[in-house]
Amino acid sequence: MEKKRYERPHIVKLDSGMPGKFGMRNDSPPTTHIDGVAVTELVEKYGSPLFVISEHTIRSTYRKAYKAFSTRYPKVQFAWSYKTNYLPAVCNVFHQEGSWAEVVSGFEYDKALANGVDPGKIIFNGPGKTASELMKAAENGSLIHIDHLDELYLLTDLAGEMKRKPLVAIRVNMDTGIYPMWDRFGFNYENGQAWDALNKIMLSGKLELVGLHTHIGTFILGANAYGVAASKLADLALGLQQKFNHTIRYIDMGGGFASKNTLKGSYLPGADTNPTFDDYAEAITTALVNSGFKPESLPLLILETGRALIDEAGYIITSVLANKRLSTGRRATIIDAGVNLLFTAFWYQHPVTPAQGFSQYREENTIYGPLCMNIDCVRESINLPLLNKGDKLVIHYTGAYNLTQWMQFITLRPNVVIIDPDGTAHLIRQNESNDSVSSLEKTPDYLIGIK
């Protein structure tokens with residue numbers, strides 16, 4: 001019989017404050033398995049830390065989102081936001097579900113082509129498109145969303161060298177009651193910039209205007225703001241019909257939907273309070289249907305949501321390296337996954353659960369990563385049971401942005417696996433080695449060797 005581990009007694013002042021609507025505490029069970037696969041088995045095979053993606057969760061979340069919009073509006077198309085998570089295996093799950101690709105750079109555009117996406121189903125956003133990237137996208141028949149006048153002028157000049165008219169939309173920023181307003185992108189609705197751009201496109205005769213696009217912000221907690229945005233885009237579209245007798249094909253509402261993550265400073269968990277897909281869908285589709293479009297000429301509705309479709313599907317399995325007491329007496333736990341892997345820890349309170357059974361004793365804990373940087377704090381305050389060196393933790397809702405914004409700072413980037421619906425784990429990105437980093441480095445001859 002294995003000898004039980006000794007836990008020394010620790011006296012701590014109980015200072016839990018007033019109970020919330022859910023009581024004094026909310027103990028969660030251990031996360032011993034992910035989609036039926038044991039955490040211990042994953043760590044033994046792929047190491048720690050380890051990113052895990054649930055294909056089942058991606059597909060079920062996507063279908064839930066699509067149902068929310070398609071049951072309220074006759075023509076709906078999702079476009080997967082590559083910057084959110086552009087691992088090919090992840091992107092292709094969305095493409096298999098029927099999603100187009102939305103990219104914001106030539107790098108992402110080429111990744112979408114390499115994944116086999118039809119160029120006509122690639123939306124090219126972003127403020128930094130080069131002339132060669134615009135030429136490629138235009139010649140391929142991709143949808144180019146113009147961000148500023150310099151891009152409009154460049155594309156108009158390039159159009160004279162092309163065999164086909166570039167298919168374009170403009171990005172529109174506007175006041176929807178969400179602050180700060182994202183007016184660094186696109187043309188403003190209120191001050192007339194949007195109409196100025198539309199007039200230039202229509203009068204040049206060199207570009208084919210096919211859509212209108214907006215992206216009002218990120219992690220938007222007020223669904224009604226999307227209703228305001230949809231109404232203003234509909235106003236522009238109807239104005240184009242009246243002024244130029246021109247009908248656009250689609251209205252693209254961008255992304256920015258909140259996931260179930262909890263923003264720092266929130267009193268209640270995001271899973272209980274953040275808007276649902278139904279909330280966003282109701283606001284957007286009601287605004288479009290109630291506008292002046294005739295029923296037979298409603299434009300295609302495009303959604304570019306990323307975070308809300310992938311956050312829940314991502315996990316990080318991490319191991320406890322050490323425990324210590326801070327000068328205040330607070331318990332601190334050091335794990336092998338830091339903010340270089342979990343960039344979103346700077347603004348989310350990610351749920352964290354042990355991956356093994358634990359004692360009933362719990363106390364406030366600060367979770368630090370392994371980096372030699374004071375900012376490497378994964379959770380500033382979380383109620384956890386006592387953890388021993390080598391114990392495993394599972395960090396939840398990590399699917400969005402962490403696999404595109406991570407970096408090999410101090411430590412190298414780990415393996416990434418996806419678990420298919422049958423419960424089999426597949427390696428979709430191999431962990432890095434020193435060679436992965438040094439293979440691109442160059443040292444002048446006179447600096448080779450130490451004398």
* Quick one: how many residues across region 209-255 are touching a Lys or Arg at 6+ places or on another chain (Cβ under 8 Å) and on the phi > 0 side of the Ramachandran plot? -> 1
* Asked: If you check every pair at least six apart or on different chains, which have Cβ atoms under 8 Å apart with a residue in region 325-339 that is exposed (fewer than 14 other Cβ atoms within 10 Å of the Cβ) first and a residue that is in a strand (DSSP E or B) and at pLDDT below 95 second?
  -> Arg325/Arg331
* **Residue identified as without any contact (Cβ under 8 Å) to a residue 40 or more places away in the chain, outside any helix (DSSP H, G or I) and under 27 Å from Tyr348 (Cβ atoms) among Ile428, Ile395, Ile375** => Ile375
* Within region 340-362, can you find the residues that are surrounded by 14 or more Cβ atoms within 10 Å (Cβ to Cβ) and not hydrophobic (A, V, I, L, M, F, W, C)? -> Asn340, Thr344, Tyr348, Gln349, His350, Pro351, Thr353, Pro354, Gln356, Arg362
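Here is a yes/no grid of residues against (1) within 15 Å of the chain's Cα centre (by Cα); (2) without any contact (Cβ under 8 Å) to a residue 24 or more places away in the chain; (3) surrounded by fewer than 16 Cβ atoms within 10 Å (Cβ to Cβ); (4) part of a helix (DSSP H, G or I):
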residue	(1), (2), (3), (4)
Tyr62	yes, no, no, yes
Gln77	no, no, no, no
Val90	yes, no, no, yes
Pro127	no, no, yes, no
* Kindly check whether there is at least one residue in region 176-191 that is assigned by TED's automatic domain parsing to the domain that holds Gln241 and more than 30 Å from Arg307 (Cα to Cα). => yes
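Got at least one residue in region 273-292 being within 26 Å of Glu432 (Cα to Cα), crowded, with 23+ Cβ neighbours inside 10 Å and more than 16 Å from the chain's Cα centre (by Cα)?
Within region 273-292, not a single residue is within 26 Å of Glu432 (Cα to Cα), crowded, with 23+ Cβ neighbours inside 10 Å and more than 16 Å from the chain's Cα centre (by Cα).
So for region 173-195 (the condition being of a type outside the set (A, V, I, L, M) and assigned to a helix (DSSP H, G or I)), does at least one residue qualify? Full working, then the answer.
Taking region 173-195 first, the residues of a type outside the set (A, V, I, L, M) are 173, 175-177, 179-180, 182-193, 195.
Next, from what is left, pick out any that are assigned to a helix (DSSP H, G or I): 193, 195.
There is at least one residue in region 173-195 that is of a type outside the set (A, V, I, L, M) and assigned to a helix (DSSP H, G or I).
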* Residue check, Ala234 against (1) closer than 24 Å to Ile170 by Cα; (2) out of contact with any Leu (no Cβ under 9 Å at 6 or more places or on another chain); (3) among the aliphatic types (A, V, I, L, M); (4) surrounded by fewer than 22 Cβ atoms within 10 Å (Cβ to Cβ), all met but one. Which one? -> (2)
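Assess whether Asp435 counts as being in a helix (DSSP H, G or I) and over 18 Å from Ile310 (Cα atoms).
Considered against the rule, which asks whether it is in a helix (DSSP H, G or I) and over 18 Å from Ile310 (Cα atoms), Asp435 comes out as yes.
The values are calculated or read from the model by the stated rules, or taken from the named source; none is laboratory data. As the structure is a prediction and not an experimental result, all values here were calculated from the model. We place every Cβ from the backbone using ideal geometry, glycine too, and count neighbours over all the protein chains shown.
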